[in-house]
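These notes are about the structure you will find just below.
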Amino acid sequence: MKDDQFAVTRADEEWRARLTPEQYAVMREHGTERPGSCALNEEKRAGVFTCAGCDQPLFASRQKFDSGTGWPSFFDPVEGSVATTVDRSYGMVRTEVHCSRCGSHLGHVFPDGPPPTGLRYCINGVALNFFPE
Ligand SMILES: [Zn+2]
């Protein structure tokens, strides 16, 4: 995936200035936060989850569900806000999810979610900012 395909691009030092070290590791180096480590996992208020890299709205609270995995989980994104690639790291074939606007890594999507989509977007909470309504 090339960075110049995205509407928002930043030099590496700009990413490091904008993001915390943990956010940088997840969003720019495809890291994964420790399950249960992010308070947004427990967030139940109405509102919107935005990309910590570019502020694009990614998920609405009504699209969130409790997957029991320890990561914030959603059955659907805001339309057009995320894109996917095939991730073959760690000997697994997974579908990687990133922000469609800045390309930052968010998490993975799995085909074992609830209706109506049957999808489970398993997202690193540090990649998100939450704005209550
Ligand atoms: Zn973004």
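Tabulated values for the structure
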item: Extreme residue, nearest to Arg120 (Cα to Cα), among residues of region 35-59 that are free of Cβ contacts under 8 Å to residues at least 60 places away in the same chain and within 16 Å of the ligand (Cβ to nearest atom); result: Pro57
item: All positions within region 68-84 that are within 15 Å of the ligand (Cβ to nearest atom) and more than 13 Å from Pro57 (Cα to Cα); result: Ala83, Thr84
item: Residues of region 99-133 classified as assigned to a strand (DSSP E or B) and over 16 Å from Ala60 (Cα atoms), total; result: 5
item: In region 68-86, the residues that are out of contact with any Phe, Trp or Tyr (no Cβ under 9 Å at 6 or more places or on another chain) and touching a residue at least 40 places away in the same chain (Cβ under 8 Å); result: Thr69, Trp71, Thr85
item: Count of region 93-112 residues which are surrounded by 16 or more Cβ atoms within 10 Å (Cβ to Cβ) and either charged (D, E, K, R) or over 16 Å from Asn41 (Cβ atoms) (or both); result: 13
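FYI, it's all coordinate maths here, none of it is from the lab. Fair warning: this is a prediction, and the values are worked out from it, not measured in the lab. Don't worry about glycine lacking a Cβ; one is built from the backbone with ideal geometry, like all the others, and counts go over all protein chains shown.
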